[in-house]
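Here the structure is laid out as structure tokens; the discussion comes afterwards.
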Amino acid sequence: MVVLDIDGAGRVFGSGRLRVVALDDVSLRVSVGEFVAVMGPSGSGKSTLLRLAGGLDRPTSGRVRLTGRDLAVLDEAGLAEALRREIGFVFQEANLLASLTAAENVALALELDGVRPKAAMAAARGLLDSLGLAAVGDRFPGQLSGGEQQQVAIARAVAGGRSLLLADEPTGAVDALTGESVMGLLRQRCAAGCAIVLATHNVRHAAWADRVVFLNDGRLAGATGPATGPDYLLGTGRTR
């Protein structure tokens, strides 16, 4: 099953002399349980691609579908519902709420989905435990290492069974050893059926993915990983 289907997406900012083409005719399909890494130099369009994938921005051209639904045609309420229930975001900074414990940070994501507080807390602790994070559940973010904060952020992002996880340079603020732990956690969620798109400049971390696509000046410049047939367009997720 295809979770994310980006078809010929383009994104232009400004006009005239200030016109900037951030993405140009980019296509990408990501299926259930697939881990795709997006690489490219700064300014290549990686973050813009993730913003379009997550419905945080809309393409100037092309379409973005989440589990078959075109995000552009959803009204504000429908888009908010899709983002809240189906998409998890992890950024370079963990952005945990300092006044809440790790378990409370995760539980809050569930409460926003309508889960009652007691049930949300039980589910949050269960998720932390399944990810090997039970020991940090009652600690506040200020009591956690950078790597622990990022791991809790991942737990929060997948709470409630999100079908798509978008990670934008999630290891940029942690050391190499912790970065590998974060990647292992992402891989674990992928094995559980979550589709993952990771934007990274780190070759070692991209190696955790099933497929790597490369962006350059807003265009797909190639890919590595399994293809679907002899006419497969590398990285685009579609055939000729």
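The values are calculated or read from the model by the stated rules, or taken from the named source; none is laboratory data. This one's a predicted model, so the numbers in the text were calculated from it and none came from an experiment. Backbone-built Cβ (ideal geometry, glycine too); neighbour counts: all protein chains shown.
Here is the figure for segment 130-146: residues that are modelled with pLDDT of 85 or more and part of a helix (DSSP H, G or I) total 7. Residue count for segment 6-29, restricted to those that are farther than 20 Å from residue 216 by Cα and modelled with pLDDT of 95 or more: 0. Return yes or no: is residue 154 outside any strand (DSSP E or B), under 13 Å from the mean Cα position of the chain (by Cα) and closer than 16 Å to residue 86 by Cα? Yes, satisfied. Considering segment 89-107, and only residues there that are assigned to a loop (DSSP other than H, G, I, E, B) and over 14 Å from the mean Cα position of the chain (by Cα), the residue that is surrounded by the fewest Cβ atoms within 10 Å (Cβ to Cβ) turns out to be 98. So which residues in segment 19-33 are buried (at least 18 other Cβ atoms within 10 Å of the Cβ), more than 12 Å from the chain's Cα centre (by Cα) and within 16 Å of residue 166 (Cβ to Cβ)? If the condition is that a residue be buried (at least 18 other Cβ atoms within 10 Å of the Cβ), more than 12 Å from the chain's Cα centre (by Cα) and within 16 Å of residue 166 (Cβ to Cβ), then 23, 26, 28, 29 are the ones that fit.
Number of residues in segment 70-88 that are hydrophobic (A, V, I, L, M, F, W, C), surrounded by fewer than 16 Cβ atoms within 10 Å (Cβ to Cβ) and touching a residue at least 12 places away in the same chain (Cβ under 8 Å): the value is 1.
Note on segment 112-125: residues that are among the charged types (D, E, K, R) and surrounded by 18 or more Cβ atoms within 10 Å (Cβ to Cβ) total 1.
Being farther than 30 Å from residue 117 by Cα, crowded, with 19+ Cβ neighbours inside 10 Å and modelled with pLDDT under 80 holds for only one residue in 228, 236, 224, and it is 236.
Inspection of segment 152-175 finds a residue satisfying the criterion of being over 29 Å from residue 68 (Cβ atoms), surrounded by fewer than 20 Cβ atoms within 10 Å (Cβ to Cβ), in contact with a helix residue (DSSP H, G or I) (Cβ under 7 Å, 6 or more places away or on another chain) and not charged (D, E, K, R). Contact map, segment 106-124: residues that are over 12 Å from residue 156 (Cβ atoms) and modelled with pLDDT of 95 or more paired with residues that are among the basic types (Lys, Arg) and not in a loop (DSSP other than H, G, I, E, B), Cβ distance under 8 Å, separation 6+ or inter-chain. No pairs are found.
A search for C-beta distances below 7 Å between a residue of segment 167-183 that is modelled with pLDDT under 80 and any residue that is among the charged types (D, E, K, R) and in a loop (DSSP other than H, G, I, E, B), counting only pairs 6+ apart in sequence or on different chains, returns 173/93.
Comparison of 8, 114, 55, 14 shows that the only residue that is of a type outside the set (D, E, K, R) and out of contact with any strand residue (DSSP E or B) (no Cβ under 9 Å at 6 or more places or on another chain) is 114.
Going residue by residue through segment 190-198, is there one that turns out to be in contact with a His (Cβ under 8 Å, 6 or more places away or on another chain) and in a strand (DSSP E or B)? Yes - at least one qualifying residue is present in segment 190-198. When only residues in segment 48-69 that are small (Gly, Ala, Ser) and surrounded by fewer than 18 Cβ atoms within 10 Å (Cβ to Cβ) count, which is nearest to residue 193 (Cα to Cα)? Here the residue is 68.
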